[in-house]
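The values are calculated or read from the model by the stated rules, or taken from the named source; none is laboratory data. Remember, it's a predicted structure, so these values are computed and weren't measured experimentally. Cβ coordinates were reconstructed from backbone atoms using ideal geometry, including for glycine residues, and neighbour counts include every protein chain displayed.
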């Protein structure tokens with residue numbers, strides 16, 4: 001868990017999230033794709049668990065516009 005958190009902090013300090021990571025609306029973190037819509041708010045603003053989570057599963061090549 002600590003390694004994942006440390007990795008999250010390092011990525012979040014940059015201007016952009018690596019593809020296909022999700023950037024929180026408040027720009028607080030970059031979230032790994034498997035942590036978006038997992039019923040746990042990883043973003044401070046909860047943007048990784050918004051209404052888009054009720055949509056069908058996405059493939060890695062799908063572009064999601066929030």
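The table below lists the values:
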{"quantity": "Residue satisfying all of: in segment 31-51; farther than 18 Å from residue 19 by Cβ and not in a loop (DSSP other than H, G, I, E, B); nearest to the chain's Cα centre (by Cα) among these", "calculated": "49"}
{"quantity": "Cβ-Cβ under 6 Å pairs, at least 6 apart or on other chains, segment 12-35 side more than 17 Å from residue 46 (Cβ to Cβ), far side at pLDDT below 90 and in a loop (DSSP other than H, G, I, E, B)", "calculated": "20/60"}
